[in-house]
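> Encoded as structure tokens, here's the structure I'll be asking about.
The values are calculated or read from the model by the stated rules, or taken from the named source; none is laboratory data. Everything numeric here is computed off the predicted structure, so don't read it as measured data. Heads up, the Cβs are rebuilt from the backbone with ideal geometry, glycines too, and the neighbour counts pull from every protein chain shown. Each accessible area value is taken on the protein alone, full model and side chains, heavy atoms only, with ligands, DNA and RNA left out. Shrake-Rupley method; radii C 1.70, N 1.55, O 1.52, S 1.80 Å.
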Amino acid sequence: MSRKPQPRPHHRPPTRHDSRRPGSAPPRNPARGRARTTPEAAVAQPRPTDLFADRLLAVLSGQRPVHWMLRHTAGRAYDDLARLAERGPLRTHGTRPVVHDIGYYVPRAGALEVFARITAGNQLRAMAFRLERGNDHRWRCTAVELEGPRPPHNPED
């Protein structure tokens, strides 16, 4: 069966009548004359407490591998996180866990002690972690606990 070629139209497609076309676009800042915001103020940066709560939750729920946190941890925190993640304490069948609430305490400049409430369906879990700012001005997790004190450190592990 041979296919018959379709005739081509001899006219151009209709032009686009869009008010967003270059040259006719309305000004991006309709508040001319008012104080302008700086780019830093316009884009709110997430707090380190929120970022790390989400990162730790992703690892402890099995959504990310433990090594994903390697450059975001310091000291024993990575080993503690690896031990916690082995058990898969926040893995669920059904509702994905989310960070419900975050609070923190500032024991000294450059350090935050953070708690987070994690919900998955009707379950509520607790997570605590410590963040410290390094000489490079980056925050790193230096301790992590999930629902209670961590087990004693065994150097042979």
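> Of everything in the range 122-143, what is small (Gly, Ala, Ser), in contact (Cβ under 8 Å) with a residue 60 or more places away in the chain and in contact with a Phe, Trp or Tyr (Cβ under 7 Å, 6 or more places away or on another chain)? Give them in sequence order.
Matches in the range 122-143: 143 only.
> Residue under question is residue 115, and the condition is that it be part of a strand (DSSP E or B), in contact with a Cys (Cβ under 6 Å, 6 or more places away or on another chain) and surrounded by 14 or more Cβ atoms within 10 Å (Cβ to Cβ); does it hold?
no
> Quick one: in the range 136-152, of everything that is within 16 Å of residue 48 (Cα to Cα) and open to solvent by 40 Å² or more (accessible area, probe 1.4 Å), which residue is farthest from the chain's Cα centre (by Cα)?
136
> Let me ask something else about it. Among the residues of the range 88-124, which ones are over 19 Å from residue 51 (Cβ atoms) and in contact with a helix residue (DSSP H, G or I) (Cβ under 9 Å, 6 or more places away or on another chain)?
Listed by number, the residues that qualify are 88, 89, 91.
Rundown of residues vs (1) under 20 Å from residue 122 (Cβ atoms); (2) in contact (Cβ under 8 Å) with a residue 24 or more places away in the chain; (3) among the aliphatic types (A, V, I, L, M); (4) not in a helix (DSSP H, G or I), yes/no style:
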{"position": "58", "(1), (2), (3), (4)": "no, no, yes, no"}
{"position": "64", "(1), (2), (3), (4)": "no, no, no, yes"}
{"position": "67", "(1), (2), (3), (4)": "no, no, no, no"}
{"position": "70", "(1), (2), (3), (4)": "no, no, yes, no"}
{"position": "75", "(1), (2), (3), (4)": "no, yes, no, yes"}
{"position": "80", "(1), (2), (3), (4)": "no, yes, no, no"}
{"position": "83", "(1), (2), (3), (4)": "no, yes, no, no"}
{"position": "93", "(1), (2), (3), (4)": "yes, no, no, yes"}
{"position": "100", "(1), (2), (3), (4)": "yes, yes, no, yes"}
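> Are any of the residues in the range 32-51 of a type outside the set (A, V, I, L, M, F, W, C), surrounded by fewer than 14 Cβ atoms within 10 Å (Cβ to Cβ), assigned to a helix (DSSP H, G or I) and at pLDDT below 60?
Yes - at least one qualifying residue is present in the range 32-51.
> Restricting to the range 75-102, give me the number of residues that are surrounded by fewer than 16 Cβ atoms within 10 Å (Cβ to Cβ) and closer than 26 Å to residue 135 by Cβ.
Going through the range 75-102 one residue at a time, the tally reaches 3.
> Sort out which residues of the range 102-112 are touching a residue at least 40 places away in the same chain (Cβ under 8 Å) and of a type outside the set (A, V, I, L, M, F, W, C), and write them in order of number.
Across the range 102-112, the qualifying residue is only 104.
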